[in-house]
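Working notes, beginning with the structure itself.
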Amino acid sequence: MKRPPRSLRSLAPEGTDQSLGTALRDMAEPKKIKVTLAKGVARAREDHRATVRGLGLKWTRHTVEVVDTPETRGMIDQVRYLVEVVD
């Protein structure tokens with residue numbers, strides 16, 4: 001079996017039980033936001049309908065988890081009258 005690169009071997013401090021896989025998994029977990037489509041999109045602007053669909057929302061009261069990035073925050077802000085952010 002091939003050893004991981006030196007940069008990855010140093011992630012787990014000496015003398016700990018934490019394996020390399022656990023360290024990588026913990027680093028890779030991005031923060032997520034739950035978004036719910038609160039209103040229908042039938043009378044919304046076409047570009048706003050596309051934004052709602054881009055967020056992964058398909059029907060009224062549908063909830064999805066999206067990664068918290070500046071891009072998704074901007075999408076949510078654009079259609080804030082149609083969606084709710086759920087904690």
- Task: Hey, can you tell me all the residues within region 51-60 that are surrounded by 13 or more Cβ atoms within 10 Å (Cβ to Cβ) and either part of a helix (DSSP H, G or I) or in contact (Cβ under 8 Å) with a residue 40 or more places away in the chain (or both)?
- Result: Thr51, Val52, Gly54
- Task: Could you run through region 72-87 and say how many residues are more than 16 Å from His48 (Cβ to Cβ) and acidic (Asp, Glu)?
- Result: 1
- Note on the structure: For region 61-87, pairs from a residue that is at positive phi and surrounded by fewer than 14 Cβ atoms within 10 Å (Cβ to Cβ) to a residue that is of a type in the set (Val, Ile, Thr) and not in a helix (DSSP H, G or I), with Cβ under 8 Å and 6 or more apart or across chains, are Arg61/Thr36
- Task: Among the candidates Thr22, Thr72, Thr16, single out the residue that is at pLDDT below 95, under 27 Å from Asp87 (Cα atoms) and among the β-branched types (Val, Ile, Thr).
- Result: Thr22
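The values are calculated or read from the model by the stated rules, or taken from the named source; none is laboratory data. Computed from a predicted model, the values in this text were never measured in an experiment. Backbone-built Cβ (ideal geometry, glycine too); neighbour counts: all protein chains shown.
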